[in-house]
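Shown next, in structure tokens, is the structure this report addresses.
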Amino acid sequence: MSRSAISPPVRDLLERFEGGQRLALARAITLVENEAPGFQEFLHGALSRPPSARRIGLTGPPGAGKSTLVASLVAEYRRRDEEVGVVAVDPTSPYSGGALLGDRIRMNDIALDRGVFIRSMATRGSLGGLATTTKEVVDVMDAFGFPRLLLETVGVGQTELEITSAADTVVVILVPESGDGVQAMKAGLMEIADVFVINKADRPGADRLLKEVRVALNLRGGHAATDVPAHHGVDYSKVRRREVSGDPSPDHGAPWKIPVLKTVAQDGEGLPELVEALEGHRTWLDESGGLKRRRKARAAIRVKDVVDRAFRRIAWSDPDVAHVLEGSLADVAGGEETPYSVGDRILEILMNPSRRSG
């Protein structure tokens, strides 16, 4: 799409965005987040160059201190004179549809810093720890020119795996005395983590949790208890993350050794070590070619997301589809039809326009 083909309001917003205006950035994010008319035009114009920001995703269970750790990381980067963009996702109420967006409140100390841009987002019912358009918003902030982006997920636990398709480095945050040692051994968390952080490490049980996570990592790598099958017979040494994130295979050099660190984010303890680990992972990604592979895998996921959302919009806005759906609900509820038979009829309508009813 040429610049001249973009509608004048979107072209004006794009020009102000490219001119570095923070207000234009905020309005662009709102446009994308709401999927308002023109958002695809804007994204096509804004994302015409490759990503360059260092994207760090932070995830973990509720109460792990993710927002505090993000704020502390931002302060650390600001001390190094780096501008930072933050995207924080909060859960949406299934009843009212509203969201507190409390992460912005908890980051109040850094919110007024001109070198920091914080955007809070509501999940709006999306699963996986991110909102539906979080990845697009991160792309927009990358295109705006922030050298470093921090992405905090909603904190829904071990199913929170979408972060791998939005971030280059994923930090999994755990806390003592909450059963996180067991959760850390779940395959999902073991697969997405590039760095483990035991936050609130001044609490009892931090050293025990640290040891449990390291044991789990050794089991995953096949370096411990080699004569005993892993949990439920799974050999973690055979498990690979590269199908999701484009990680290098053993043929592409030494694998990344996942560090397990302790922090007390509220006091800034352990932050220099965490920053060093994040820089070390970025160096490893660059040298191993993992960054290119992760970005390629991320691009594939993004294209599929765009097509999936477009199909959903087409399907559920089609009057013939709505007619079939509404007319079949009673039969499905009564057992005369199944969701699959109705689904087949809807797919016939969508895939074969000539068969549509008049």
Number of the condition not met by ASP247 [criteria: (1) at pLDDT 65 or above; (2) surrounded by 15 or more Cβ atoms within 10 Å (Cβ to Cβ)]: (1)
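Yes/no per residue for (1) more than 29 Å from ALA201 (Cβ to Cβ); (2) without any contact (Cβ under 8 Å) to a residue 12 or more places away in the chain:
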position: GLY268; (1), (2): no, no
position: ASP286; (1), (2): yes, yes
position: ARG293; (1), (2): yes, no
position: LYS304; (1), (2): yes, yes
position: TRP316; (1), (2): yes, yes
position: VAL324; (1), (2): yes, no
position: ASP331; (1), (2): yes, yes
position: GLU336; (1), (2): yes, yes
position: PRO339; (1), (2): yes, yes
Any pair with Cβ under 7 angstrom, 6 or more apart, that starts in segment 13-40 at a residue that is among the hydrophobic types (A, V, I, L, M, F, W, C) and ends at one that is open to solvent by 60 Å² or more (accessible area, probe 1.4 Å): LEU13/ARG27
Residues satisfying the stated conditions in segment 4-21, i.e. farther than 18 Å from PHE144 by Cα and among the small types (Gly, Ala, Ser): SER4, ALA5, SER7
Complete set of residues in segment 26-54 that are basic (Lys, Arg) and part of a helix (DSSP H, G or I): ARG27
Residue match in segment 23-35 (condition: more than 17 Å from VAL137 (Cβ to Cβ) and either in contact with a Ser or Thr (Cβ under 7 Å, 6 or more places away or on another chain) or of a type outside the set (Gly, Ala, Ser) (or both)): no
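The values are calculated or read from the model by the stated rules, or taken from the named source; none is laboratory data. Since the structure is predicted, the reported quantities are computational estimates derived from the model, not experimental observations. Every residue, glycine as well, gets a Cβ built from its backbone with ideal geometry; the counts of neighbours run over all protein chains shown. Side chains are part of the model used for accessible areas, which takes the heavy atoms of the whole protein and leaves out ligands, DNA and RNA. Shrake-Rupley method; radii C 1.70, N 1.55, O 1.52, S 1.80 Å.
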